[in-house]
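See structure below.
Bear in mind these aren't lab numbers, they're just calculated from the coordinates by the rules spelled out. This structure is a prediction, so every number in the text was calculated from the model and none was measured. Cβ placement follows ideal geometry from the backbone for every residue including glycine, while neighbour counts extend to all protein chains displayed.
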Amino acid sequence: MANLYYNDRLIVAFASLNQSDKQWSAGAEITWKREGQRYSHSIGGLTDRFKSSEDAERFVINLAKIWIDANP
């Protein structure tokens, strides 16, 4: 699991091992506060697979950054 602050938002990225093909899939949760309220956005259900958990987390962190940049 990787945690990263980016543009005042917390990205929590994670990878899950698929037991049948021994490849990794990724997901992330983005959280932030605005005007005293907490908000979140989930990234999941991705079909991309990776040979390592680090590659999966790196991929989803990049997706999260793109989402944050598009949703200021």
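Computed from phi, the 3J(HN,Hα) profile of region 67-72 under the Karplus parametrisation 6.51, -1.76, 1.60 (θ = phi - 60°) reads 5, 4, 4, 7, 10, x Hz, with x in place of Gly and Pro.
Computed from label points 7 Å out along Cα-Cβ, the spacing between Tyr5 and Asn71 is 2.1 nm. Treating each Cα of the chain as one equal point scatterer and applying the Debye formula with no solvent, the log10 of I(q)/I(0) at q = 0.14, 0.16, 0.20 Å⁻¹ comes out as -0.42, -0.53, -0.76. Note on Ser52 and Gln19: with the Förster distance fixed at 22 Å, the Cβ-Cβ geometry gives a FRET efficiency of about 0.90.
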